[in-house]
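*Asks:* Provided herewith is a single structure, encoded as structure tokens, for subsequent inquiry.
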Amino acid sequence: MANHIENKLAVVIPAYKIHFFKETLDSLAAQTNKNFTLYIGDDCSPCNFSELISKYAGIIDIVYKRFDKNLGGDDLVANWERCIDMVGEEEWVWLFSDDDTMAPCCVENFYKELTDGMPSMLYHFNVLRIDQEGKVIATETEYPAILRGTDFINKLINFEITSYVVEYIFNKGYFHQMGRFKNFDLAWGSDHATWFKLSFNGDIKTITDTNTKVRWRTSDFNITSINTDMALSLRKRQAELDFYKWLIDFFSKKSVHLPFSVFSATRWIIQGMVIHIERYGWGPVPRWISEIAVIQGGKLSKFRCYGCLVFYTTLKKIKRVFK
């Protein structure tokens, strides 16, 4: 096992949930190339991480720290960043999670791409979605080998691709140079904004080997999967609006045209509102619609926004009837 000072790659896990953590550690222990350091930041969890982690001593090069204060409950991005601040001399950072897993050849093929391919500041793995039992329930749309930053955000807004935090490895120095993570409430959209920032003047390079994939878990413990809390839903919807405002502002400052249509952006935001309406009623939706119209500078009127929302809400109900 290499000394962590010699490693180029830091795998960083902000740890709080222990339910699937053994599977995560097992996937790291199974890596065919162990030239990485695993940094685990325990977010003052009630779970006993240290006992489990100790079983991997001598198998994985681990730096473990238990923080005195829980931060993720109030500011998830701040917790990500204090975990990243644990990283030593490594040049590359893979922000992973405490419930997902990676294929055994992920680290090996990252180093191959780093050595043999054209340089990039942001590398990507394709994704399999798994359930709580670890069963594959979906294969996410694969990225092309090279994806420009503007194409990334366009495809994301148009529902052509998905994107999760754990499928990216980024250059640590460039990450700091570009202002670290963009902070939205619940980190909802923070990863999208940050990957876009890091690839705007370059590209995202995907490691396309069919066996080199990340397994992203949907579960009752995952904030992305939880839709049963009204307060959480309200915060997610507001964060989506804040993300959209940030995008508009970003392109405006760069004097660059939006790579997506206003209609596409409206549809992207409205899909979250449809989920909210089905569970909790219309509530603050009229205010959200007004906010969308203001953000778009009148390019899409409130009337048309309402029309889109009613259409997609109705369409979803029709699809459910004919399933």
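The values are calculated or read from the model by the stated rules, or taken from the named source; none is laboratory data. Remember, it's a predicted structure, so these values are computed and weren't measured experimentally. Glycine gets a Cβ as well: all are built from the backbone with ideal geometry, and neighbour counts include every protein chain shown. Accessible surface areas use protein heavy atoms only, side chains included; no ligands, DNA or RNA. Shrake-Rupley method; radii C 1.70, N 1.55, O 1.52, S 1.80 Å.
*Asks:* How large is the dipole of region 1-150 about the Cα centre if only Lys and Arg carry +1 and Asp and Glu carry -1, each at its Cβ, rounded to the nearest 20 debye?
*Replies:* So the dipole magnitude of region 1-150 works out to roughly 140 debye.
*Asks:* Please go through region 67-162 and write out the GluC sites (Glu not before Pro) that DSSP classes as loop and that have at most 15 other C-beta atoms within 10 Å.
*Replies:* GLU89, GLU91, GLU133, GLU142, GLU160
*Asks:* Right, another one. Pop out the carbon and sulfur fraction of the accessible area of the chain as a percent, whole number, probe 1.4 Å.
*Replies:* The C+S portion of the solvent-accessible surface of the chain is 53 percent.
*Asks:* Here is a further query. Here is the link list: LYS22/LYS197; LYS22/LYS245; LYS172/LYS254; LYS22/LYS172. Which ones come out longer than 29 Å on Cα distance?
*Replies:* Violating the 29 Å Cα-Cα cut-off are LYS22/LYS197; LYS22/LYS245.
*Asks:* If I stretch the segment between SER255 and TYR56 completely, what's the gain in nm (0.36 nm per residue apart, minus their alpha carbon distance), one decimal?
*Replies:* 66.6 nm
*Asks:* Show log10 I(q)/I(0) for the chain at q = 0.07, 0.09, 0.12 Å⁻¹, two decimals, from a solvent-free Debye sum over equal Cα scatterers.
*Replies:* Results for the chain at q = 0.07, 0.09, 0.12 Å⁻¹ read -0.29, -0.49, -0.87.
*Asks:* Report relative contact order for region 1-159 in percent, whole number only (criteria: Cα-Cα under 8 Å, sequence separation at least 6).
*Replies:* Reported relative contact order: 29 percent.
*Asks:* Residues of the chain: accessible area per residue at 1.4 Å, in Å²?
*Replies:* Here the per-residue accessible area is 45 Å².
*Asks:* Further question: At 222 nm, what value in deg cm²/dmol follows for the chain if DSSP H runs of at least 4 each add -39500 (n - 2.57) and the sum is divided by all its residues, to the nearest 500?
*Replies:* Calculated from helices alone, the mean residue ellipticity at 222 nm is -13000 deg cm²/dmol.
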